[in-house]
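Asker: First the structure, which I've put down as structure tokens, then a few questions once you've had a look.
The values are calculated or read from the model by the stated rules, or taken from the named source; none is laboratory data. The shown structure was predicted, so the numbers you read here are calculated from the model rather than taken from an experiment. Every residue, glycine among them, receives a Cβ derived from its backbone with ideal geometry; neighbour counts consider all protein chains shown. Accessible surface is based on the protein model in full, side chains and every heavy atom, while ligands, DNA and RNA are left aside. Shrake-Rupley method; radii C 1.70, N 1.55, O 1.52, S 1.80 Å.
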Amino acid sequence: MKTKQLSTLLIVSAFMLISATVSAQVLQFLPKNSSITINGTSNLHDWKSSTSQVKGQLVFANDNELKSLHVEIPVKSIKSGEKLMDSKTYETLNADKNPNIVFRMTDVVSAQRNGNDLNLTVSGNLTIAGQTKKVILKAKGKTNGAGVYNFNGDIQLKMTEFGMKPPTALLGTMKVGDQVRLQFDVSLQDNQRASAN
């Protein structure tokens with residue numbers, strides 16, 4: 001009798017686990033349709049660097065509840081179009097020791113879905129140049145109904161908050177401002193639907 005009950009319990013548990021896995025919607029970033037842009041200032045001129053190389057995933061449970069978000073940006077994929085600027089960027093971010101900028105969601109502040117439109121606000125740990133800081137990230141999104149999601153937003157950061165010293169160039173005549181604005185316009189695709197196509 002006990003063996004039968006144990007077998008039934010194991011079967012039910014396995015079914016619940018499989019159901020939970022199947023109902024999860026895993027979205028992967030699409031680099032070719034994504035861009036991350038860092039906008040900054042200096043005493044000489046404004047500047048910007050960008051990359052499309054964003055990796056990670058966003059997971060919804062039951063198509064509505066946001067469960068996790070993990071983002072990685074390879075530092076040396078960030079380009080400005082100027083070799084000196086890129087070199088200063090990698091040096092400031094200590095790219096050799098800290099090759100990725102990483103964001104990991106810890107809490108959902110709010111998640112609203114209205115038809116194909118989504119508004120997400122999450123908190124999480126942002127790691128830059130080996131330093132981690134808790135940040136709030138807001139994103140507006142839209143889905144085309146075919147498993148592709150687009151999100152955009154921005155966040156203001158200070159280099160010194162992550163232990164970085166704003167770089168200088170041209171023998172100190174150019175000084176970069178501490179505050180930068182990170183903009184994102186990214187696309188993600190549902191793994192299961194992508195595999196079916």
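Asker: If Ser77 satisfies all but one of (1) more than 30 Å from Ala24 (Cβ to Cβ); (2) among the small types (Gly, Ala, Ser); (3) at pLDDT 95 or above, what's the number of the condition it fails?
Answerer: (1)
Asker: On to the next question. Please work out which one of (1) open to solvent by 80 Å² or more (accessible area, probe 1.4 Å); (2) in a strand (DSSP E or B) is the condition Asn125 fails and give its number.
Answerer: Of the numbered conditions (1) open to solvent by 80 Å² or more (accessible area, probe 1.4 Å); (2) in a strand (DSSP E or B), the odd one out for Asn125 is (1).
Asker: Being surrounded by fewer than 14 Cβ atoms within 10 Å (Cβ to Cβ), closer than 29 Å to Asp46 by Cβ and in contact with a Ser or Thr (Cβ under 6 Å, 6 or more places away or on another chain): is that true of Ile78 here? Break it down into steps so the answer makes sense when it comes.
Answerer: Working: surrounded by fewer than 14 Cβ atoms within 10 Å (Cβ to Cβ): no; closer than 29 Å to Asp46 by Cβ: yes; in contact with a Ser or Thr (Cβ under 6 Å, 6 or more places away or on another chain): yes.
Criteria not met by Ile78.
Asker: Given the criteria among the small types (Gly, Ala, Ser) and over 24 Å from Leu44 (Cβ atoms), does Gly130 qualify? Spell out how you get there, then give the answer.
Answerer: Numbers: among the small types (Gly, Ala, Ser): yes; over 24 Å from Leu44 (Cβ atoms): yes.
Judged against the criteria, Gly130 is a match.
Asker: Restrict the check to the stretch 47-64 and report whether at least one residue is closer than 19 Å to Arg181 by Cβ, within 13 Å of the chain's Cα centre (by Cα) and of a type in the set (Phe, Trp, Tyr).
Answerer: So far as the stretch 47-64 goes, no, none of its residues is closer than 19 Å to Arg181 by Cβ, within 13 Å of the chain's Cα centre (by Cα) and of a type in the set (Phe, Trp, Tyr).
Asker: Residues in the stretch 82-99: is at least one in a loop (DSSP other than H, G, I, E, B), in contact with a helix residue (DSSP H, G or I) (Cβ under 6 Å, 6 or more places away or on another chain), open to solvent by less than 50 Å² (accessible area, probe 1.4 Å) and within 16 Å of Phe162 (Cβ to Cβ)?
Answerer: yes
Asker: While we're on this one: From the list Lys67, Lys140, pick out the single residue that is surrounded by fewer than 14 Cβ atoms within 10 Å (Cβ to Cβ) and part of a strand (DSSP E or B). Please lay out each step first, then the result.
Answerer: Numbers: Lys67 fails: surrounded by fewer than 14 Cβ atoms within 10 Å (Cβ to Cβ).
Step by step, each of Lys67, Lys140 is checked, and only Lys140 is surrounded by fewer than 14 Cβ atoms within 10 Å (Cβ to Cβ) and part of a strand (DSSP E or B).
Asker: Of everything in the stretch 154-176, what is in contact with a strand residue (DSSP E or B) (Cβ under 7 Å, 6 or more places away or on another chain), open to solvent by less than 20 Å² (accessible area, probe 1.4 Å) and more than 12 Å from Ile38 (Cβ to Cβ)? Give them in sequence order.
Answerer: Phe162, the sole residue that qualifies.
Yes or no, residue by residue, for (1) more than 21 Å from Val108 (Cα to Cα); (2) open to solvent by 50 Å² or more (accessible area, probe 1.4 Å); (3) in a helix (DSSP H, G or I); (4) touching a Ser or Thr at 6+ places or on another chain (Cβ under 9 Å):
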| site | (1), (2), (3), (4) |
| --- | --- |
| Gln28 | no, yes, no, no |
| Lys32 | yes, yes, yes, yes |
| Thr37 | yes, no, no, yes |
| His45 | yes, yes, no, no |
| Ser49 | yes, no, no, yes |
| Gln53 | yes, yes, no, yes |
| Val59 | no, no, no, yes |
| Val71 | no, no, no, no |
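Asker: It is to be established whether one or more residues within the stretch 167-187 are part of a strand (DSSP E or B), under 16 Å from the mean Cα position of the chain (by Cα), free of Cβ contacts under 8 Å to residues at least 60 places away in the same chain and within 18 Å of Ser49 (Cβ to Cβ).
Answerer: Restricting attention to the stretch 167-187, the residues satisfying the condition of being part of a strand (DSSP E or B) are 168-169, 174-176, 179-187.
Within this subset, residues satisfying the condition of being under 16 Å from the mean Cα position of the chain (by Cα) are 181-187.
Next cut, free of Cβ contacts under 8 Å to residues at least 60 places away in the same chain only: none.
No, that holds for no residue.
Asker: Residues in the stretch 138-149: is at least one among the aromatic types (Phe, Trp, Tyr) and under 25 Å from Trp47 (Cα atoms)?
Answerer: Restricting attention to the stretch 138-149, the residues satisfying the condition of being among the aromatic types (Phe, Trp, Tyr) are 149.
With under 25 Å from Trp47 (Cα atoms) added as a condition, the list becomes none.
Scanning the stretch 138-149, I find no residue that is among the aromatic types (Phe, Trp, Tyr) and under 25 Å from Trp47 (Cα atoms), so the answer is no.
Asker: Which pairs have Cβ atoms under 7 Å, sit 6 or more apart or on different chains, and link a residue in the stretch 71-86 that is more than 16 Å from Asp185 (Cα to Cα) to one that is open to solvent by 100 Å² or more (accessible area, probe 1.4 Å) and not in a loop (DSSP other than H, G, I, E, B)?
Answerer: Ser80/Lys48; Asp86/Lys79
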